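Derivation of every value follows stated rules applied to the coordinates shown; laboratory data play no part. Since the structure is predicted, the reported quantities are computational estimates derived from the model, not experimental observations. Positions of Cβ are backbone-derived with ideal geometry, glycine not excepted, and every protein chain shown enters the neighbour counts.
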Amino acid sequence: MQHETFRIGQGFDRHRLVEGRPLILGGVLIPYDRGLAGHSDADVLLHAITDALLGAVAIGDIGELFPDTDPDYKGADSTVLLANVVGIIESKGWKVHNLDCTIFAQLPKLLPFKMPIRNSIASILKIGTDVVSVKAKTGEHVGTIGRGEAIDASAIVLLTEITDERSNT
Ligand code: MG
């Protein structure tokens, strides 16, 4: 196979907004009167990022690696699942070069939480906050997002090969 320098991956996820659950986005607890339903902590943004990483190395999706029928993953911390996948891509010789994500939510307003979310993701991926982009869109009051029935997230990631730093000295 020809030598590769980069791999690109994309991910998407959707979770329903319900009462009686905490809202966790990108590993950050967001104050809101509703949260996302799911078998795990339902962190829709980290799930999209996890799928983007898996897609870049073409090894399936988050549902295959962490089945929602498996009691081990009930209430699972999505930061741990993502860190696990970071370890997998590292073992295959890849690291994250940069990441661009979008959260689709009518409410709450996410502007005050963008920087904490970027810092949280950067720390899980072991990269700088300057290469982690988090954008937010409303649903323009229409559709599942606009009516506040769900929150969506999408992510695109570029991986680059891990090179031996010592060879540069
Ligand atoms: Mg999910």
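What's the tally of Lys pairs in the chain whose alpha-carbon atoms lie under 26 angstrom apart, where the two lysines are 8 or more places apart or on different chains?
11
Taking the Cα centre of the chain as the origin, how large is its charge dipole in debye, to the nearest 20, when only Lys and Arg (+1) and Asp and Glu (-1) carry charge on their Cβ atoms?
About 500 debye.
Determine how many Å³ per residue the convex hull of the Cα atoms of the stretch 41-116 encloses.
Spelled out: Cα convex hull of the stretch 41-116, divided by residues, is 113 Å³.
Take the alpha-carbon centre of the stretch 103-123, take the same for the stretch 3-69, and report the distance between them in whole Å.
The stretch 103-123 and the stretch 3-69 have Cα centres spaced 14 Å from each other.
Shape verdict for the stretch 1-59, please, from the Cα gyration tensor: rounded (a/c under 1.5), prolate (a/b greater than b/c) or oblate.
prolate
How high is the relative contact order of the stretch 66-169? Use alpha-carbon pairs under 8 Å, at least six apart in sequence, and give a whole percent.
Reported as a whole number, the value is 36 percent.
Quick one: of the DSSP bridges fully inside the chain, what percent are antiparallel, nearest 5?
80 percent
Identify which of Gly11, Gly63, Gly35 has the largest mean-square fluctuation in a Gaussian network model of the chain, with springs joining Cα atoms closer than 10 Å.
Gly63
When the helices in the chain are scored as -39500 (n - 2.57) per DSSP H run of 4 or longer and the sum is shared across all residues, what 222 nm value do you end up with, to the nearest 500 deg cm²/dmol?
Dividing the helical sum by the residues of the chain leaves -8000 deg cm²/dmol.
What residue among Ala136, Ala153, Ala42 shows peak mean-square fluctuation when the chain is described by a Gaussian network model with Cα springs under 10 Å?
Ranking Ala136, Ala153, Ala42 by mean-square fluctuation puts Ala136 first.
For the stretch 106-169, go through all pairs of different Cα atoms, get the mean of 1/r, take its inverse, and jot down that Kirkwood value in Å.
The answer is 14.4 Å.
Could you identify which residue out of Glu19, Glu149, Glu64 has the top mean-square fluctuation in a GNM of the chain using Cα springs shorter than 10 Å?
Glu64
With the alpha-carbon atoms as the only input, what is the per residue convex hull volume for the stretch 60-169 in Å³?
About 134 Å³ per residue, rounded to a whole number.
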